[in-house]
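Visitor: A single structure is presented below for examination.
The values are calculated or read from the model by the stated rules, or taken from the named source; none is laboratory data. In this text, all values refer to a predicted model and were calculated from it rather than measured experimentally. Here the Cβ positions follow ideal geometry from the backbone for every residue, glycine too, while neighbour counts run over all protein chains shown. The area values use the complete protein model at the heavy-atom level, side chains included, leaving out ligands, DNA and RNA. Shrake-Rupley method; radii C 1.70, N 1.55, O 1.52, S 1.80 Å.
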Amino acid sequence: MTRKAHIQFDCNSGCSVELALSVIGQKYKGTILYQLLNNPVMRFNEIKRLFPEVSQRTLTHQLRALEDDQIIIRTVYPEVPPRVEYQMSDYGRTLATIIDELKSWGDKHKVMINNE
C-alpha cells in the first residue's frame, strides 16, 4: 500500500520553504538524514541507538515518513528475525549540501548561544 506523504500545496513562493521543512524538519529526521548521509546503510537498531529516549513507534513513524517522501529506501530481508536496512535514495542524496549547511549553521549557533 502506498501512502500519500503530503497534501498538495497551493500558495505563494515562500510556501516551498514550509514544504521542505515539513519533510526534513520534524524531531529526529535531521539527525537520521545526517547519519544516513555519512553511513551508507544502517539497520533499524543502529538508528535506534542514536535516540535511546525515543520509542520504537515514534522512530518507525519518522522513518516511514521519510520513506513515503522518497528520501530514504527501506529494505526488508526475508530472514528470521527480519533484517531491515535504511539508506538514502538518490533523491534523498540531493539533500546532502542542505544537511551539511544546517549542521554548520547549528554548530555556529551553538557557539553563539553558549557565549551569551
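Visitor: Could you give every pair whose Cβ atoms fall below 7 Å, whose first residue belongs to the range 21-50 and is over 19 Å from Thr75 (Cβ atoms), and whose second residue is among the aromatic types (Phe, Trp, Tyr) and part of a strand (DSSP E or B), counting only separations of at least 6 or pairs across chains?
Guide: Taking only residues 6 or more apart or on different chains, not a single pair turns up.
Visitor: Same structure, new question: Looking only at the range 31-44, count how many residues are surrounded by fewer than 17 Cβ atoms within 10 Å (Cβ to Cβ) and touching a Ser or Thr at 6+ places or on another chain (Cβ under 9 Å).
Guide: 1
Visitor: Restricting the range 58-106 to residues that are exposed (fewer than 10 other Cβ atoms within 10 Å of the Cβ) and charged (D, E, K, R), which is modelled with the highest pLDDT?
Guide: Result: Asp90.
Visitor: Quick check on the range 18-30: of everything there that is assigned to a helix (DSSP H, G or I) and within 18 Å of Asp100 (Cβ to Cβ), which residue is least open to solvent (accessible area, probe 1.4 Å)?
Guide: First, the residues of the range 18-30 that are assigned to a helix (DSSP H, G or I): 18-24, 29-30.
Filter once more, keeping what is within 18 Å of Asp100 (Cβ to Cβ): 20-21, 23-24, 29-30.
Details: Ala20: 52, Leu21: 91, Val23: 21, Ile24: 24, Lys29: 3, Gly30: 32 Å².
The qualifying residue least open to solvent (accessible area, probe 1.4 Å) is Lys29.
Visitor: Which one is most open to solvent (accessible area, probe 1.4 Å), of the residues in the range 45-55 that are closer than 14 Å to Lys29 by Cα and part of a helix (DSSP H, G or I)?
Guide: In this case the residue turns out to be Leu50.
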